[in-house]
């Protein structure tokens, strides 16, 4: 008679991802080592290859990488309730911390030194966004050699910079242009 594998408790899923959410600073990429330690090494919920696949899919789907990856792992482990437990676990620490900061910020936002700190933070965020763009361009070297890709890149930048058009619309239009010009070539292969 075959023994039934013990099912992971929803509390274990929740608290494991709450720990990951509490100690992950720096975004989704920073959480990968913690995910590997908890989900692969400690609990054995997934393999390293599966984790990398979940992480890659989490990057490609709308939303936060950490939340998407947590949802995929929870869904794989316990279905809908597992996905719910891991998603709630990974976001709970952030919600609590942000709520505390928001409550305190209202009391200190008018202080000049706090305003200067936010000015510095805005500059740092701009640099981080530029860094992300440069990394994306480096990863897509082949695509940027194509004249159409360069036109799309410059056009998207110009449209979002000089006109009040939603970036979502620009992304959808770029996707449609890509499908129109490149989709036929892929279909012939």
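The values are calculated or read from the model by the stated rules, or taken from the named source; none is laboratory data. This one's a predicted model, so the numbers in the text were calculated from it and none came from an experiment. All Cβ positions, even for glycine, are placed from backbone atoms using ideal geometry, and neighbour counts span all protein chains on display.
Things to note:
- Scanning the stretch 43-67 for residues that are free of Cβ contacts under 8 Å to residues at least 12 places away in the same chain and either part of a helix (DSSP H, G or I) or not assigned by TED's automatic domain parsing to the domain that holds residue 17 (or both) yields a count of 5.
- Positions within the stretch 78-95 being at pLDDT 90 or above, surrounded by 13 or more Cβ atoms within 10 Å (Cβ to Cβ) and over 23 Å from residue 52 (Cα atoms), in sequence order: 92, 93
- Scanning the stretch 170-180 for any residue that is modelled with pLDDT under 85, in a loop (DSSP other than H, G, I, E, B) and closer than 22 Å to residue 63 by Cα turns up nothing.
- Being part of a helix (DSSP H, G or I) and modelled with pLDDT under 90 holds for only one residue in 149, 75, and it is 149.
- The condition of being assigned to a helix (DSSP H, G or I), closer than 30 Å to residue 16 by Cα and touching a helix residue (DSSP H, G or I) at 6+ places or on another chain (Cβ under 8 Å) holds for residue 94.
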